[in-house]
Amino acid sequence: MSEKVLVVDDARVVRISLGRILQKLGFEVIEAEDGKQALDAMNEHPDIALVMLDWNMPVMNGYDFLVAMREQERFADKPRVIMVTTETGMPSMLKALAAGADEYIMKPFDEPLVCDKLDIVGITYKTS
């Protein structure tokens, strides 16, 4: 059975492109359009291994989702979280890492970059 990855981004095109990369790497992809939907998905699928998380979204942004998720004891150190965002400033990066993000990808991204970050956070994937 493949590991589950939650892709959280309000831009459908980002969810699709990131989802395709992750499916190619052997993951089951679950999507959410904002942090609130992401919290619902985490409660529905507590076995999610990785969250690929945008910062700027309506309803609940990625940072607020990250804080809310990490406050729950069962999600204190898992799943791994990789921010995938246009927030490129060092203060934003440090804020996200302090809140419990494990890595940071600045948009735009490609498959080799996603693989590099998966390696860094210790998530194994299928290689072709």
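The values are calculated or read from the model by the stated rules, or taken from the named source; none is laboratory data. This is a predicted model, so every value here is computed, not measured. Heads up, the Cβs are rebuilt from the backbone with ideal geometry, glycines too, and the neighbour counts pull from every protein chain shown. SASA here: full protein model, heavy atoms, side chains in, ligands and nucleic acids out. Shrake-Rupley method; radii C 1.70, N 1.55, O 1.52, S 1.80 Å.
Of all the residues in the range 2-41, those that are free of Cβ contacts under 8 Å to residues at least 24 places away in the same chain and not charged (D, E, K, R) number 5.
Among the residues of the range 7-61, the one identified as aliphatic (A, V, I, L, M), farther than 22 Å from residue 124 by Cβ, part of a helix (DSSP H, G or I) and within 11 Å of the chain's Cα centre (by Cα) is 38.
Of all residues in the range 89-109, those being open to solvent by less than 80 Å² (accessible area, probe 1.4 Å) and on the phi < 0 side of the Ramachandran plot number 14. When residues in the range 2-15 are screened for being among the hydrophobic types (A, V, I, L, M, F, W, C), open to solvent by 10 Å² or more (accessible area, probe 1.4 Å) and touching an Asp or Glu at 6+ places or on another chain (Cβ under 8 Å), 2 of them pass.
Inspection of the range 68-76 finds a residue satisfying the criterion of being of a type outside the set (S, T, N, Q) and under 23 Å from residue 11 (Cβ atoms). Residues that are within 15 Å of the chain's Cα centre (by Cα), under 18 Å from residue 6 (Cα atoms) and assigned to a helix (DSSP H, G or I) within the range 62-96 comprise 62, 63, 64, 65, 66, 67, 68, 69, 70, 75, 96, listed in sequence order.
I'm trying to understand the selection: among the residues of the range 16-71, which are of a type in the set (Lys, Arg) and either open to solvent by 40 Å² or more (accessible area, probe 1.4 Å) or within 16 Å of residue 113 (Cα to Cα) (or both)? Once the filter is applied, which keeps residues that are of a type in the set (Lys, Arg) and either open to solvent by 40 Å² or more (accessible area, probe 1.4 Å) or within 16 Å of residue 113 (Cα to Cα) (or both), the range 16-71 yields 20, 24, 36. When the range 72-104 is filtered for residues that are among the β-branched types (Val, Ile, Thr) and free of Cβ contacts under 8 Å to residues at least 40 places away in the same chain, the ones remaining, listed by number, are 81, 82, 85, 86, 88.
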